[in-house]
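Q: Got a structure for you, questions after.
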Amino acid sequence: MDAAYLSALAALAGSTIGGLTSLTASWLTQHVQFSANQRAASRARRVKLYKSFIQEASKWYADAYEHDHAQIANLVGLYALVSTMRILSSPSVVERADQVVRAIAETYLAPNRTFHELVELIDEDPIDPLREFSNACRKELRALDPP
């Protein structure tokens with residue numbers, strides 16, 4: 001084989017390898033960036049969902065202590081949030097959210113409480129139905145963060 005052909009083939013092979021390397025590196029960079037953006041969007045969506053649930057549940061839990069008749073329409077928003085969690089969240093978070101809704105319903109069925117009775121309950125036993133839910137959310141969100 002002529003030396004000129006050998007040089008031309010070597011140059012062509014080098015160009016091809018360089019081009020493929022550049023293409024692969026570019027694709028890999030885009031793939032990693034896309035995955036990171038997807039994880040960040042998923043995390044942000046869950047944070048917003050959990051925040052909405054905590055705000056809504058807190059409002060109705062406080063209402064349940066003052067009233068013994070719940071309006072079904074009041075709890076529809078909570079059930080909608082829990083249903084959304086069934087799509088996006090882990091079973092642990094959904095289970096804790098269900099427990100919160102049950103605690104609110106049971107509180108509506110209990111007699112009304114005065115502020116003094118509420119303070120006594122807090123002193124005896126913490127009455128935070130959202131504690132376990134918040135802990136499950138924090139655990140899930142930490143698992144979504146890259147190592």
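The values are calculated or read from the model by the stated rules, or taken from the named source; none is laboratory data. Quick caveat, the model's predicted, so the values are computed rather than measured. Neighbour counts are summed over all protein chains in view; Cβ atoms, including those assigned to glycine, are modelled from backbone coordinates with ideal geometry.
Q: Given the conditions (1) under 16 Å from PHE133 (Cβ atoms); (2) under 17 Å from the mean Cα position of the chain (by Cα), report the number of the one that LYS59 does not fulfil.
A: It fails just one condition, (2).
Q: Given the structure, is ALA70 outside any helix (DSSP H, G or I) and either modelled with pLDDT under 85 or over 15 Å from SER134 (Cα atoms) (or both)?
A: Here the answer is yes, as ALA70 does meet what is asked.
Q: Would it be correct to say that SER15 is surrounded by 10 or more Cβ atoms within 10 Å (Cβ to Cβ), free of Cβ contacts under 8 Å to residues at least 40 places away in the same chain, farther than 30 Å from THR107 by Cβ and out of contact with any Leu (no Cβ under 6 Å at 6 or more places or on another chain)?
A: yes
Q: If you don't mind, there's one more thing I want to ask. When the residues of the range 73-98 are narrowed to those that are among the hydroxyl-bearing types (Ser, Thr, Tyr) and outside any loop (DSSP other than H, G, I, E, B), which ends up farthest from the chain's Cα centre (by Cα)?
A: Only one residue tops the list, namely TYR79.
Q: Name the residue that is nearest to the chain's Cα centre (by Cα), counting only residues in the range 23-56 that are more than 15 Å from PRO129 (Cα to Cα) and touching a residue at least 60 places away in the same chain (Cβ under 8 Å).
A: So the residue we want is ARG46.
Q: For the range 99-147, how many residues meet the condition of being modelled with pLDDT of 75 or more and assigned to a helix (DSSP H, G or I)?
A: Selection size over the range 99-147: 25.
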